[in-house]
């Protein structure tokens with residue numbers, strides 16, 4: 001399926017910004033599929049570098065939604081009932097040392113939590129000036145929304161992998177029972193953290209499975225993971241549920 005700007009009202013422009021990459025995809029709302037996408041490696045994490053990749057006419061098309069996932073790697077989740085009784089800054093400093101760079105937050109009502117995170121001001125100003133209707137959310141908010149858009153009743157591990165970092169989550173009885181982000185240099189680091197979580201929670205590997213996101217079906221490290229774990233390991237053959245999980249799940253945040 002191709003894309004014509006005259007049909008933009010049937011689509012969303014989904015954008016994702018990390019310290020290494022700026023990506024965007026045209027998401028067809030009726031079929032929930034990505035019809036076009038583009039990836040740019042960033043020489044530096046700066047407004048000037050991102051601006052270079054936003055000169056396409058696509059950014060002026062009349063999409064139904066414009067969505068950007070961004071923010072630093074530092075974020076914290078708290079129960080929504082606790083949120084009115086303290087400031088984001090006071091909550092954030094319990095987990096992260098200062099200085100804190102421009103705190104923002106997303107509510108995730110279906111989970112009863114609030115995600116507090118850092119969002120550099122230059123990101124907000126650049127995208128709001130360029131696209132006044134843009135909705136900005138933290139990348140981990142998209143991950144959580146996407147994970148809970150599928151069956152989470154039975155125990156399941158969720159692993160989202162990116163260069164040098166990964167998010168490790170666990171769901172059970174339709175609840176989030178574990179959430180953390182880790183840096184890693186090699187697959188052994190990833191295996192260690194998964195094993196440690198399983199040990200902490202006294203999980204029987206034969207009674208759980210794991211979904212892996214952010215990688216393609218031919219991910220080279222898959223066999224190494226299978227050597228260490230007894231549970232079923234799932235990699236989707238649909239990019240919206242695998243390699244492009246964040247871009248493919250942003251529509252859930254609007």
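The values are calculated or read from the model by the stated rules, or taken from the named source; none is laboratory data. Since the structure is predicted, the reported quantities are computational estimates derived from the model, not experimental observations. Neighbour counts are summed over all protein chains in view; Cβ atoms, including those assigned to glycine, are modelled from backbone coordinates with ideal geometry.
Here are the numbers for the structure shown:
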{"item": "Filter result (touching a helix residue (DSSP H, G or I) at 6+ places or on another chain (Cβ under 9 Å), in a loop (DSSP other than H, G, I, E, B) and without any contact (Cβ under 8 Å) to a residue 60 or more places away in the chain) within region 37-65", "result": "42, 43, 61, 62, 63, 64"}
{"item": "Residues being in contact with a helix residue (DSSP H, G or I) (Cβ under 6 Å, 6 or more places away or on another chain) and assigned to a helix (DSSP H, G or I) - total across region 226-244", "result": "2"}
{"item": "Tally, over region 22-36, of residues that are surrounded by fewer than 17 Cβ atoms within 10 Å (Cβ to Cβ), under 18 Å from the mean Cα position of the chain (by Cα) and not in a loop (DSSP other than H, G, I, E, B)", "result": "1"}
{"item": "Hits in region 56-87 (condition: within 11 Å of residue 116 (Cβ to Cβ), at pLDDT below 95 and buried (at least 16 other Cβ atoms within 10 Å of the Cβ))", "result": "83"}
{"item": "Residue list for region 206-225, restricted to those being in contact with a helix residue (DSSP H, G or I) (Cβ under 9 Å, 6 or more places away or on another chain), at pLDDT 90 or above and not in a loop (DSSP other than H, G, I, E, B)", "result": "210, 211, 212, 213"}
